[in-house]
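Coordinate-derived values only; no laboratory data. Everything numeric here is computed off the predicted structure, so don't read it as measured data. Positions of Cβ are backbone-derived with ideal geometry, glycine not excepted, and every protein chain shown enters the neighbour counts.
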Amino acid sequence: MSYFLFLLFFCLVVGLASVASNPSPYFGAAGLVISAGVGCAVLIEFGGSFVSLVLFLIYLGGMLVVFAYSIALASDPFPETWGSWSVGVHLLGYLVLVVVLWLVVGNEVVSGYGMVGEDAVGLSVLRDDFCGVSLLYSVGGGGLLVCGWGLLLTLFVVLELTRGLSRGGLRVV
């Protein structure tokens, strides 16, 4: 399981470096969705399956709104892809920076922590994140309703802004 967790962390670092190196909102948002999925898989491995599910659903809803808004404002007919030279140079630079930082401070920071998650010990009847379920339904239900209403309202605002050339709030000049 430690190899699987190492692979997840590697995919998370590569995904975040691809988000940081890409100037196009199309491919940046796709890399962000992939990185969010891998980050939630890391949370699942450390025993937070419910937390990762709620985080992914809420984060994915927010990212879709931001993605729709950034696509509406992007006016580049030919965006740079992950295969272009400038994006590749930036991606390589970020990955070299991560490796250098790992070599300089990596062993001191994570020397006391293992690479084995909580779910790696086997099947268990009790889970650590079940207390989050009860707190979500008792205390956090109103907050979730307010957040969901805000995301829905933001989605309708973005759709109204980008509705069309004749009646929308944003028009291409």
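Overview of values
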{"quantity": "Projected label distance in nm at V89 and V146, using a 7 Å step from Cα toward the beta-carbon", "calculated": "4.8 nm"}
{"quantity": "Extension gain, L161 back to V105 (0.36 nm per residue minus Cα-Cα distance, nm)", "calculated": "15.5 nm"}
{"quantity": "Ranking of C11, C147, C40 by count of other Cβ atoms within 10 Å, fewest first", "calculated": "C147, C11, C40"}
